Amino acid sequence: MGFQNIEELDAMHLDVLRELGNIGSGNAATSLAALMNKEININVPDVKILDFNEVAEYVGGPEKVVMGLLITLEGDINGMILYILDDDFAQNVVKAFFGSEFTSLVELGEMERSAFNEIGNIMAGAYVNALSSMTGMTINISTPAICVDMAGAILNVPSVKFAEVGDKVLFIDDSFGVGDYMQKVKSNMILVPEMESLNNLFTRLGLM
């Protein structure tokens, strides 16, 4: 019998999820460097199993205004990926693409939002391709949906949609060094798979 929620995963299965997160983060950094035409070094990602309330605190508190990029997964794995980007990450992107700066995420126009949609698509694709290569699973991703709001409001979407999974998610805290001076910026990724998909993943990896 498979797992019913993420809380049931044992140490071995959590380690596998962490390793997948590490590989995906490396692929995402490589893709991001090519897109921004900047050198990007990635530190070892901090991968945790957290509940939604803890995630909000990790990204600066539920009232902090952040950018969310929501991507739906379909195919052999169903679920969603949610990227949460803060001001520092966004400033680097806007400066690389448009040579400009902004004072608040809510000021971003359609061109800037389009650039972040493309970044979300590329980063999610890097994770999914790593997962597909290791498992042979077919996974399709949606066009990212972008939202600028308080972290608590953005996190409410996956917490409601995937309530049957439980209140735990795979949280990947990425830290990048960007450009000549290796300015440190962060992005946070939340992976919320349906439990049937997670059980299928572990079966493919010979762990069920």
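All of the numbers you see were taken from the coordinates with simple rules; none came from a lab. On a predicted model such as this, the values are computed, not experimentally measured, just so you know. Here the Cβ is made from the backbone with ideal geometry for all residues, glycine too, and neighbour counts use every protein chain on show.
A few remarks follow.
- Extension gain for Glu194 to Glu19 (0.36 nm times residue separation, less C-alpha to C-alpha distance): 61.1 nm.
- Net charge over other residues, Cβ less than 15 angstrom from the Cβ of Glu118 (K, R count +1; D, E count -1): -1
- With bins 5 Å wide beginning at 0, the percent of Cα pairs of region 46-148 falling in each bin runs 2, 11, 20, 20, 19, 14, 9, 3, 1.
- For region 6-204, the residue among Ala34, Leu170, Gly75 whose Cα projects farthest onto the positive side of the dipole built from Cβ charges is Ala34.
- Summing Cβ point charges (Lys, Arg +1; Asp, Glu -1) relative to the Cα centre of region 6-204 gives a dipole of roughly 460 debye.
- Taking only Cα atoms of the chain, radius of gyration then Dmax in Å: 16.5, 54
- Pairwise Lys count, the chain - Cα closer than 25 Å, eight or more residues apart or different chains: 16
- When each of the peptides 131-142, 2-13, 190-201 is scored by how many other beta carbons lie within 10 Å of its residues on average, the order from highest to lowest is 190-201, 131-142, 2-13.
- Charge tally in the Cβ shell below 12 Å around Leu108, where Lys, Arg are +1 and Asp, Glu are -1, Leu108 excluded: -4
- Among Met208, Met36, a tally of other beta-carbon atoms within 10 Å of each Cβ gives an order, fewest to most, of Met208, Met36.
- In terms of Cα atoms, the Rg and Dmax of region 1-110 work out to 16.7, 54 Å.
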